[in-house]
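Remarks on the structure that follows.
The values are calculated or read from the model by the stated rules, or taken from the named source; none is laboratory data. All of these numbers come straight from a predicted model, not from anything done at the bench. Neighbour counts run over all protein chains shown; Cβ positions are idealised from the backbone, glycine included.
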Protein chains: 2
Amino acid sequence: MAREPRQERSRTTRRRLMEAAVDCLAELGWTGTTVGVVAERAGVSRGAAQHHFPTREDLVVATVEFLAEEQIAELRERAGTLPPGRRRAEPVARLLLNLYTGTKFRAALHLWVAASTDDALRAVLGPLEAKVGREAHRVAVDLLDADESRPGVRETVQATLDLARGLGLADLLSDDSRRRQRLVRQWARMLEPIVGERSGTE
Amino acid sequence: MAREPRQERSRTTRRRLMEAAVDCLAELGWTGTTVGVVAERAGVSRGAAQHHFPTREDLVVATVEFLAEEQIAELRERAGTLPPGRRRAEPVARLLLNLYTGTKFRAALHLWVAASTDDALRAVLGPLEAKVGREAHRVAVDLLDADESRPGVRETVQATLDLARGLGLADLLSDDSRRRQRLVRQWARMLEPIVGERSGTE
């Protein structure tokens, strides 16, 4: 077996630590997520973990960025497969309203709630969440192919993402997917007037 | 000063404990919210607290019910002051979309997130949250004066409450009230077709 080059090995370690951090956060919450616990779960030595992430704040900031980048990349990939014009309303509503369910959202939620009572965590997480939120907004506009210069369009896109986060909460204690799918169909009708506007297709 | 009758004294103690539990949850989270800590904050003896609430699960179940009842009562009170027909869309959108901001939502959020990784807590909180959610839905329908037998109306009411919870999340790390007020105006236009339907006014 060929030896993995040093830089690549370092990247792999980093990624394994961030993936373990997601699982730790989702299962144990912020209190239980220390660099030591994450290192053990990732099968990485404590020293190597601390080389990458000196504090657990460093680790979670990198993890939130990593999750956001993965999610945005996944959405951008899907963008190419969407039908033009109004027919994209339902698939886009489905993509966006299912965005904040699952382990990744649960991990982020633990962080947000912890940050609401932890000044040090909020200081690093607040600006990052604002940036991630703006990116999610931009990708939603692109998926919808919406024209934000028209009145109300910006707010409708925002409401879509806020609704998606609310649906993430509703999915936390029990499987809410059936109800969510009915909302997706209703929401698609709501989005129809604003989708496919930029490319001018109908 | 007249002595407080025993029953009333007991009710006052119970209420003080539940109010202290809300503050404790919002500040310290589920981990920091023990019956002992709450008793101390409420200025109630540990013995008296444990007489009312033998476990912290008992305390938080009572607290969630108490919060929900207070909120529903407050909304019902406002219902009488709303204008008829479509003009109620904006005041109702404002009431509902501001519902999940502040200390009470923060307290509940700590519980939900804790319950997502704590089977014992989820066992008591899950059914309770479902019941509270149904009550919130009913009061929203009444405030909107909406006709749920019409297609899509039920989903629009649900989306309003899910959106409200998403906006509660968005308000967690920074003051989101200005953006939320723009969404209220946009949402009011969305609600216009379904408000004031039952009473048949325009």
request  = Give the residue that is surrounded by the most Cβ atoms within 10 Å (Cβ to Cβ), with candidates limited to residues of region A:152-163 that are facing another protein chain (nearest Cβ under 7 Å) and either of a type outside the set (Asp, Glu) or in contact with a Phe, Trp or Tyr (Cβ under 9 Å, 6 or more places away or on another chain) (or both).
outcome  = A:LEU163
key: Scope region B:138-151; condition surrounded by 16 or more Cβ atoms within 10 Å (Cβ to Cβ), in a helix (DSSP H, G or I) and either without any contact (Cβ under 8 Å) to a residue 12 or more places away in the chain or out of contact with any Asp or Glu (no Cβ under 7 Å at 6 or more places or on another chain) (or both); matching residues   = B:VAL139, B:ALA140, B:LEU143, B:LEU144
note = Note: among A:ALA93, A:ALA49, A:ALA20, A:ALA39, just one is at pLDDT 95 or above and either among the basic types (Lys, Arg) or under 20 Å from A:VAL195 (Cα atoms) (or both), namely A:ALA93
Hey, A:ARG94 of a type outside the set (Val, Ile, Thr), within 7 Å of chain B (Cβ to nearest Cβ) and part of a helix (DSSP H, G or I) or not = no
message = Quick check on my filter: what residues within region A:158-184 are hydrophobic (A, V, I, L, M, F, W, C), over 25 Å from B:PRO151 (Cβ atoms) and in a helix (DSSP H, G or I)?
response = A:LEU161, A:LEU169
request  = Only residues that are of a type in the set (Gly, Ala, Ser), touching a residue at least 40 places away in the same chain (Cβ under 8 Å) and out of contact with any helix residue (DSSP H, G or I) (no Cβ under 7 Å at 6 or more places or on another chain): list them for region A:66-101, please.
outcome  = A:GLY85
request  = Please specify each residue of region A:152-187 satisfying the condition of being of a type in the set (Gly, Ala, Ser) and over 21 Å from the mean Cα position of the chain (by Cα).
outcome  = A:GLY152
task = Check B:TRP187 against each of (1) in a loop (DSSP other than H, G, I, E, B); (2) facing chain A (nearest Cβ under 7 Å); (3) of a type outside the set (Gly, Ala, Ser); (4) in contact (Cβ under 8 Å) with a residue 40 or more places away in the chain and name the one condition it does not meet.
result = (1)
request  = Could you check, for region A:190-200, whether at least one of its residues is more than 22 Å from B:ARG185 (Cα to Cα), part of a helix (DSSP H, G or I), more than 10 Å from chain B (Cβ to nearest Cβ) and of a type in the set (D, E, K, R)?
outcome  = no
ask   = What is the residue count in region B:165-184 for residues that are more than 7 Å from every other protein chain (Cβ to nearest Cβ) and touching a Ser or Thr at 6+ places or on another chain (Cβ under 9 Å)?
value = 5
key: Single residue of B:ALA107, B:ALA120 found to be in a helix (DSSP H, G or I), within 14 Å of chain A (Cβ to nearest Cβ) and more than 20 Å from the chain's Cα centre (by Cα)   = B:ALA120
